[in-house]
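Peer 1: Dropping a structure here in structure tokens format, bear with me for questions.
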Amino acid sequence: MPVDSIGDYILTMLGDTPAAREIASLMGSKVPDATPSVATGGAAAADSASKGFYRKEDLDDDPYAGLGGGGKKKGGRTGGSMASSSSTVPAASAIVGGARVSTTPAKPAKSKAKAATTSGLDGLRSALRPGRHACSCNARRHALLYNCLACGKVICEQEGEGPCLFCGSDPHTTLDTGATDEAAVAAAARFKNRLLEYDRTSAKRTTVIDDQEDYFSHAAADAWLSQDEKAAAQAALDAREDAKAAARREQRLTFDLGRLTVSDARKGGLLGQSMELEVERMCDDDGPPGATGKGDAAEEAAAAAEAEVEARGSPMCLSMHQPWASLLVAGIKRVEGRSWPTEHRGRLWIASTAKEPSSLEVAQVEQTYASRFSAVHASSGGARYDAVMAMQQQVHTFPAFPTSYPTSALLGCVTITDCLTNEEYVTRFPDAEENESAYVFIATRPRTLRVPQRISGQHKIWQLDAKLALAAVQALRPVSSTWDAKPTGPSQPSQASQASQASQASQAAPSPVARGGPPGLRATAAPFMPPGLSTTSATAAARAAAAKATDAPITAPTRLDLYGGAVMGDAPHATRAPAPISLQADRRQRLQVLQDGLVLLRGALSLDVQQAIIDEIRELGLGPSGFYTPETRGGSMHLQMMCLGMHWDPLTNQYSTVRSNADGQPVPPLPPALWELVCAAAATASEACPSIPDVMPGVCLANFYTHGGRLGMHQDKSESADSLRRGVPVVSVSLGDACEFGYAAVRPEDTDASQTALGGAAKARTVRLESGDILIFGGPARMLFHSVQKIFPNHRPKGLVLAPGRLNLTFREL
Ligand SMILES: O=C(O)CCC(=O)C(=O)O
Ligand SMILES: [Fe+2]
């Protein structure tokens, strides 16, 4: 097809639109001059009849529709209303709501096509049909009037003013609604202005200035300084760094190996105290290595005092035959017997003699200790207890036997806390290993040397070379020694200590021990206290005594001493051996079923057993993971708490292996003897109330309430979903002053009847819990709400040694 014809074809197919004309003229067609005023709004209507370009659909429906569709030709004017005009009409101003179409005769196509080309799209905007017609040009072809306020459609001149041809809404109504509401218009204007203001100031407002930078960077990087100030600050910084570097080059340090100190010659002062202290802090008899001592000022003071005593005096050493020497520093053997007493307290180095033990001798001794461990282990719940503790990673294992028993060697050290006559030893340590010597040295905090040092020993307790001791201290390794029974018992000063003191008093110069050191390290008439805890307990005792006088709650950070300032000697039963922790024989006769699943074992514990439990808890409570006052989101609790087995965090309501909300300390294990007691109590309760299942307690919360103490209504529900679902009981042991214990199936202020499904009365009831009672709530009563409403001061068994108040232990299975 010739190119000309293509142009014609385009005009035929696309209609006489300016765009089509332009294309056709580019293709070389002789485009007739449809309108003299393409650029000013004229339409092709006038010439369309002769050229056949004008099509009805193009105008009736959509100006763009003609581009794609065919249709019948239509000649002449489009309607009587069509105005005749040869002038150029400003599109936007002259034509609103109507249309003006030029009737000017056609001019040569070429020049008009050119005019269309030069005028561009502006020229297209004026092609209007008379009247209002729906148009989808989006004001690209016709001049823009406004947007429909209802549907947003772009209204062009072709559509004209009036109800929207798309959605039908009337702009006047729409506009009127807003326009008459002056308040709304003003608010909208304010809002608009605010947005514009935000936009204008956005960069300024969103600039981040890091205030913290001051703390973490030097002045030269301070965002608040000007360039000059920054430069000055940088110069000062450089000068300081230079000065420091110069000073470092001149540093002279003096290591005093005798006094275990490091000093700076220029400054003329001590830089570091004894390096021993660090090692001392790592080792403790009352918990796993590294678990104690940190952060406890009293213990640090004790260790410092011990080191000071040693620094002034001389390190002391005891020679022992193998295999006992190695077993002592390995924490397997816990005491050492001699025919002579000693006044030595504190660190005692242990050296082995030259006598080689036979393999039979070693095997026999090891066997003796292994069987002893099995006996202690079996009496404390054995495998079932192990299973629970292993789950909580608190495995009680027997310390490993030494792999060798070197002779003539320095092996390690222990801390001597006391020297007892044999009679005293048997009374105070009825469960501990046998020893028939006239005097028994109580050894704690065993530590072994990584590499034993060859040495030739002397008799009795002798002075070790200070330099060797200093080197040895750094090679010490703590060992766990928690497997054996802990010393418990009366608080009289040992006769052996008195004998030592008497002999010491007769000497002209006081011994280092008498001159200094914490009370527990001295041979005084102080009550027996576990090593490392003495200062803490003395301070706590003073505090508790003060609290007793004022009956004020004990909130000081010093650990609570459950003896409350009393000494065990005050108690009538104190001279007797501690009772094995078990239930009273007649417990079944005094059992009360308060409701299904809620059982009270009245008087389940004898006075001696109550005291034994208090003693055990007191010792743990004085330790680094002892009693503290928990903070909840609502403030401090009105009690002091210590957790055993796992730590209950009141902020998260969850259990953790360390005291997550307090001091990060690890949690002491659940004492095996208490574990057994709890299993037995739950078993007794379930005999009377079969809805109560067995319990394998993994955690104990010890709460101490002073006379003003209390605990609000709550459920114990931090345990696992499985434990709660099975209704595994909570076992609660009451000691000391009686209390009013409230319980209810629903929280009293809660009227939600759905909760009565918990069983029992919805109304709160109370029961008085006395010292030695055990309350068990499990099965359908497991989720009971309960509270401690008040403490009855001095309502307690006579002779019980416990600070004024109530001690409660709740045992739960996780
Ligand atoms: O002290 C008591 O008798 C109750 C203690 C208690 O409910 C708890 O520790 O959750
Ligand atoms: Fe509770």
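The values are calculated or read from the model by the stated rules, or taken from the named source; none is laboratory data. Keep in mind it's a predicted model, so treat the numbers as computed, not measured. Backbone-built Cβ (ideal geometry, glycine too); neighbour counts: all protein chains shown. To get the accessible areas, we keep the full protein, side chains included, count just its heavy atoms, and leave off ligands, DNA and RNA. Shrake-Rupley method; radii C 1.70, N 1.55, O 1.52, S 1.80 Å.
Peer 1: Hey, got a sec? Which trypsin sites (Lys or Arg not before Pro) in segment 446-479 land in a DSSP loop and have at most 15 other Cβ atoms within 10 Å?
Peer 2: Values: sites: 447, 450, 454, 460, 467; in loops: 460.
When the trypsin sites (Lys or Arg not before Pro) of segment 446-479 are filtered for loop state and at most 15 Cβ neighbours within 10 Å, 460 remain.
Peer 1: Any chance you could look up the accessible area of residue 128 with a 1.4 Å probe, heavy atoms only, rounded to 10 Å²?
Peer 2: We get 10 Å² for residue 128.
Peer 1: Round to a whole angstrom and tell me the spacing of the C-alpha centers of segment 675-692 and segment 338-372.
Peer 2: 44
Peer 1: Once the Cβ-Cβ distance between residue 138 and residue 203 is put in as r, and R0 is 35 Å, what FRET efficiency do you end up with, to the nearest 0.05?
Peer 2: On the way: r = 34 Å, r/R0 = 0.97.
The pair residue 138/residue 203 has a calculated efficiency of 0.55.
Peer 1: What distance in nm lies between label points placed 7 Å from Cα along the C-beta direction at residue 458 and residue 184?
Peer 2: 10.6
Peer 1: Using 0.36 nm per residue, how much length does the chain from residue 717 to residue 356 gain when fully extended, once their Cα-Cα distance is taken away?
Peer 2: On the way: separation 361, 0.36 × 361 = 129.96 nm, distance 5.95 nm.
Gain in length upon complete extension: 124.0 nm.
Peer 1: Sticking with this structure for a sec: Which of the peptides 635-646, 468-479, 321-332 is most tightly packed, and how do the rest follow, going by the mean number of other Cβ atoms within 10 Å of each residue? Mind showing how you got there, number by number?
Peer 2: On the way: 635-646: 20.4, 468-479: 18.8, 321-332: 24.0.
Per-residue mean Cβ counts within 10 Å order the peptides as 321-332, 635-646, 468-479.
Peer 1: Could you rank the peptides 362-368, 243-249 by their average count of other C-beta atoms within 10 Å per residue, with the highest value first?
Peer 2: Numbers: 362-368: 14.3, 243-249: 9.0.
The packing order, highest mean first, is 362-368, 243-249.
Peer 1: Give me the number: length gained by fully extending residue 400 to residue 474, i.e. 0.36 nm times residue separation minus the C-alpha to C-alpha distance, one decimal in nm. Before the final figure, lay out the partial values.
Peer 2: On the way: separation 74, 0.36 × 74 = 26.64 nm, distance 2.21 nm.
Net length gain for the segment: 24.4 nm.
Peer 1: Got a sec? What order do 786, 459 fall in by accessible area at 1.4 Å, biggest, i.e. largest, first?
Peer 2: Final ranking, largest accessible area leading: 459, 786.
Peer 1: Holding the Cα-Cα limit at 30 Å, pick out from 355/467; 204/244; 763/798; 717/763; 333/355; 717/790 the pairs that are longer than that.
Peer 2: Listed pairs above 30 Å: 204/244; 763/798.
Peer 1: Report the gain in length on full extension from residue 370 to residue 427: 0.36 nm times residue separation, minus Cα-Cα distance, nm rounded to one decimal.
Peer 2: Contour length minus Cα-Cα distance gives 18.2 nm.
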